[in-house]
Amino acid sequence: MTSENKAGNSDITSKPAVSEEQAIKLTETLYGFRVSKVKPLPSYDDQNFYIQAGDDGDSIQREYILKITNGESSKNAELIEGQTCAMKFLNEEGLPTPNPLPTKTGEIMSLESIDYSGVIQKHIVRLLTYLPGTPAAEIEATPEILFDIGRIAATIDETLTKKFQHSCKKSFDRGEFIWNLSNTPLLKQYTYAVKEKNLRQKIEGVITQFDNSVKQNLKSFRQCINHGDLNDHNLLLEKISTLNGNIRNEYRISGILDFGDMSYGYYVFEVAITIMYMMIESTDPLPVGGYVLAGYESMVPLTKEEKEALFTLVCCRFAQSLVMARYSVLLCPQNEEYLMVTAKTGWKHLMALLDTGKEVVEKIWEDTARSFLDKREEN
């Protein structure tokens, strides 16, 4: 849902425009399947297709996602390989991530030259297993769901940081990657896209807060590999079935999607990003952070210094998302509806955080987490 932005958000402008016929041909040529159904899916800067396919002579049809990476990101094959291998590793560790299929030649991905009416553009192509479930954005997030999301965010960070070994890991050190919270000050060059003066001043205030109270403390935070984009469209949920097949009115996380924003960061970054996105669809957003934090800290307790920065970092992620959505619309107005998904409620929630203030919000999070954990112990 987000993308790297180093020079004019070229990822957006190099978004693939593959036809359904080309998607079928890519799947059949690279993977040897016979495609029976293809359907385009909404996306930010890449292009995704839902695929049903089977082997020749096999009546069993399986579901996949064909992912075609934008032209700009496709130039960094090492980074895409690292993300793909991390996704595969987490799947092998038992987390519900897509599993990339090898091509007929055994490759985890393939750089393909796509012909757009005589203009050739190179894109990395991958075929991923399809995961069942409903996006978290479409389900009312109960305290239990938010706790589980916080816990799985910590599990991803811990598993990648402590167990994942791959030569491409160094590619996660992404320098001036706009979506890494360390680079919040880089937003200054894009704030002109926010036309309303009062909103732009709020964003500038958040950036100043980062500069004054967080930036100098980054070295004291614990480093890790961040997923970096656990938003409510990148997390799938499905209802839990009992042993006799009955469906309970409880959910489990059935899918973790989109590893395109992976980078080296800090544990507290992942918590902040997850809290921000879980607030988006909530009708009562301020307590959300308490439930997510309780889940995260059940796996990875934050230090005093990390907790002190959390409120500001949540505001910074709102600022990143809102500013870059406005900027991306300037570059790609035809994709405005998708690009502005977060912004529909994002401004309101950021204003609520800032108006309520750091101390009050932190108290809400602390009280919410304690109350939730007390109830869990009672049950």
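How do the pairs read when you match residues in region 338-355 that are closer than 15 Å to Q201 by Cα with residues anywhere that are surrounded by fewer than 17 Cβ atoms within 10 Å (Cβ to Cβ) and modelled with pLDDT of 95 or more, using Cβ under 8 Å and keeping only pairs 6 or more apart or on different chains?
Every condition considered, the pairs that remain are L354/G205.
Can you find a residue in region 83-100 that is touching a Gly at 6+ places or on another chain (Cβ under 9 Å), in contact (Cβ under 8 Å) with a residue 12 or more places away in the chain, open to solvent by 50 Å² or more (accessible area, probe 1.4 Å) and of a type outside the set (F, W, Y)?
Step one: filter region 83-100 for residues touching a Gly at 6+ places or on another chain (Cβ under 9 Å), giving 83, 96-98.
After this cut, where a residue has to be in contact (Cβ under 8 Å) with a residue 12 or more places away in the chain as well, the list is 83, 96-98.
Now restrict to residues that are open to solvent by 50 Å² or more (accessible area, probe 1.4 Å): none.
No, region 83-100 contains no residue that is touching a Gly at 6+ places or on another chain (Cβ under 9 Å), in contact (Cβ under 8 Å) with a residue 12 or more places away in the chain, open to solvent by 50 Å² or more (accessible area, probe 1.4 Å) and of a type outside the set (F, W, Y).
Filter region 165-174 down to residues that are out of contact with any Asp or Glu (no Cβ under 9 Å at 6 or more places or on another chain) and in contact (Cβ under 8 Å) with a residue 24 or more places away in the chain and give me whichever is surrounded by the fewest Cβ atoms within 10 Å (Cβ to Cβ). Walk me through it before giving the result.
First pass over region 165-174, keeping only residues out of contact with any Asp or Glu (no Cβ under 9 Å at 6 or more places or on another chain): 165, 169, 172-173.
Those left that are additionally in contact (Cβ under 8 Å) with a residue 24 or more places away in the chain: 169, 172-173.
On the way: K169: 16, F172: 22, D173: 10.
It comes out as D173.
Name the one entry in L187, L181 that is farther than 23 Å from P301 by Cβ, open to solvent by less than 60 Å² (accessible area, probe 1.4 Å) and within 21 Å of the chain's Cα centre (by Cα).
On the way: L181 fails: farther than 23 Å from P301 by Cβ.
Checking each option against the conditions leaves just L187.
Picking from I80, I51, which residue would you name as being in contact (Cβ under 8 Å) with a residue 40 or more places away in the chain, open to solvent by less than 70 Å² (accessible area, probe 1.4 Å), hydrophobic (A, V, I, L, M, F, W, C) and outside any helix (DSSP H, G or I)?
Details: I80 fails: outside any helix (DSSP H, G or I).
Going through I80, I51 in turn, just one is in contact (Cβ under 8 Å) with a residue 40 or more places away in the chain, open to solvent by less than 70 Å² (accessible area, probe 1.4 Å), hydrophobic (A, V, I, L, M, F, W, C) and outside any helix (DSSP H, G or I): I51.
Take P135 and decide whether it is closer than 30 Å to L30 by Cα and surrounded by fewer than 22 Cβ atoms within 10 Å (Cβ to Cβ).
Working: closer than 30 Å to L30 by Cα: yes; surrounded by fewer than 22 Cβ atoms within 10 Å (Cβ to Cβ): yes.
Spelling it out, P135 is indeed closer than 30 Å to L30 by Cα and surrounded by fewer than 22 Cβ atoms within 10 Å (Cβ to Cβ).
Out of all the residues in region 51-71, which are of a type in the set (A, V, I, L, M, F, W, C) and more than 29 Å from the chain's Cα centre (by Cα)? Quick ask: steps written out before the conclusion?
If we filter region 51-71 for residues that are of a type in the set (A, V, I, L, M, F, W, C), which is where we start, we get 51, 53, 60, 65-66, 68.
Within region 51-71, just I60 meets the criteria.
Of the residues that make up region 29-44, is at least one under 19 Å from L230 (Cα atoms), surrounded by 15 or more Cβ atoms within 10 Å (Cβ to Cβ) and in contact (Cβ under 8 Å) with a residue 12 or more places away in the chain?
yes
Using the structure shown, decide if T142 is closer than 29 Å to V288 by Cβ, surrounded by 15 or more Cβ atoms within 10 Å (Cβ to Cβ) and polar (S, T, N, Q).
Against the criterion (closer than 29 Å to V288 by Cβ, surrounded by 15 or more Cβ atoms within 10 Å (Cβ to Cβ) and polar (S, T, N, Q)), T142 does not qualify.
Quick check on Y291: is it touching a Phe, Trp or Tyr at 6+ places or on another chain (Cβ under 7 Å) and among the aromatic types (F, W, Y)? Even if it seems obvious, please write down each step before you answer.
Details: touching a Phe, Trp or Tyr at 6+ places or on another chain (Cβ under 7 Å): yes; among the aromatic types (F, W, Y): yes.
When the stated conditions are applied, Y291 passes them.
The values are calculated or read from the model by the stated rules, or taken from the named source; none is laboratory data. Quick caveat, the model's predicted, so the values are computed rather than measured. For neighbour counting, all protein chains shown are included, and Cβ atoms are generated from backbone atoms with ideal geometry for every residue, glycine included. SASA here: full protein model, heavy atoms, side chains in, ligands and nucleic acids out. Shrake-Rupley method; radii C 1.70, N 1.55, O 1.52, S 1.80 Å.
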